[in-house]
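FYI, it's all coordinate maths here, none of it is from the lab. Only a predicted model underlies this, so the values are computations on that prediction, with no experimental measurement involved. A quick note on method: Cβ atoms are made from the backbone with ideal geometry, for glycine too, and the neighbour counts reach across all protein chains shown.
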Amino acid sequence: MTARERAAQLIEAFREVYPGAHCELNFKNPLELLVATILSAQCTDKRVNMVTPKLFAKYRTAAAYANSDPATFEKEIQSTGFFRNKTKSIRAAASAVVAKHRGKVPDTMEQLNALPGVGRKTANVVLGNAFGKAEGVVVDTHVARLSQRLRLTKHNDPEKIEADLMKIVPREHWTMWSHWLIWHGRRRCFARKPDCSQCEVLRLCPSGKIYMRTGEARPADATS
Ligand code: SF4
């Protein structure tokens with residue numbers, strides 16, 4: 001089976017298994033999702049969702065983030081980790097949104113990616129989930145790990161993985177594809193001990209058959 005054929009069958013399977021898959025960060029508009037996505041680096045969505053209600057109530061515009069007091073903001077997001085860098089990124093991105101986009105989060109890859117602290121992954125999250133635009137595939141640690149285990153890519157670099165996925169996953173599924181892999185990574189295909197014996201896509205997974213024989217994932221695959 002080619003990678004493209006496997007991807008097509010995986011789409012059918014994941015649709016059945018995770019019909020309600022969605023972005024697990026809470027947000028009501030593009031600005032909130034941009035902030036939540038920056039906060040989610042090296043942090044669980046659950047933790048981010050504990051911090052954002054107060055944050056979103058206090059900072060309602062890009063200008064509010066841009067003009068926030070850094071020391072206060074750091075305290076407000078401290079529990080998400082890497083709070084100094086995240087504070088810098090959010091304030092800088094918000095300042096650029098104010099200066100270059102009249103306070104509105106832009107809706108193109110080029111413009112989002114040009115905001116300070118906003119990489120391709122964050123831009124893809126915002127475009128796909130806040131604007132309903134599939135301009136790429138979100139590749140986080142789960143999508144990277146599962147794409148490798150499912151033998152859909154040989155790469156480690158997220159942008160190369162994304163390029164491989166964009167070739168074999170039809171564009172209309174790009175946003176859901178990431179949700180499906182993230183959901184499966186969180187619920188079944190764990191980094192260190194994938195639950196292959198219970199896996200709904202075992203028949204489509206070349207690695208699962210190996211793991212079932214050897215008893216555990218190869219150390220090289222246990223990336224997080
Ligand atoms: S069979 Fe195992 S390695 Fe493959 S997707 Fe399922 S849990 Fe992951």
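For the chain, the spread of Cα positions along the three principal axes, ordered from largest to smallest, is 56, 31, 29 Å. Once the convex hull of all Cα atoms in segment 83-147 is built, its volume per residue stands at 88 Å³.
Express in nm, to one decimal, how much length is gained between GLU74 and ARG171 on full extension, taking 0.36 nm for each residue of separation and deducting their alpha carbon distance.
Working: separation 97, 0.36 × 97 = 34.92 nm, distance 3.80 nm.
Separation in residues times 0.36 nm, less the Cα-Cα distance, equals 31.1 nm.
For the chain, the 222 nm mean residue ellipticity estimated from helices alone, with every DSSP H stretch of n ≥ 4 adding -39500 (n - 2.57) and the total spread over all residues, rounds to -17500 deg cm²/dmol. As a calculated quantity, the FRET efficiency between LYS104 and LYS58 at R0 = 22 Å, using C-beta atoms, amounts to about 0.65. Mean projected area of the Cα convex hull of segment 95-221, taken over all directions, amounts to 8.3 nm². Modelled spin labels at ILE210 and SER197, positioned 7 Å past Cα toward Cβ, are 2.1 nm from each other.
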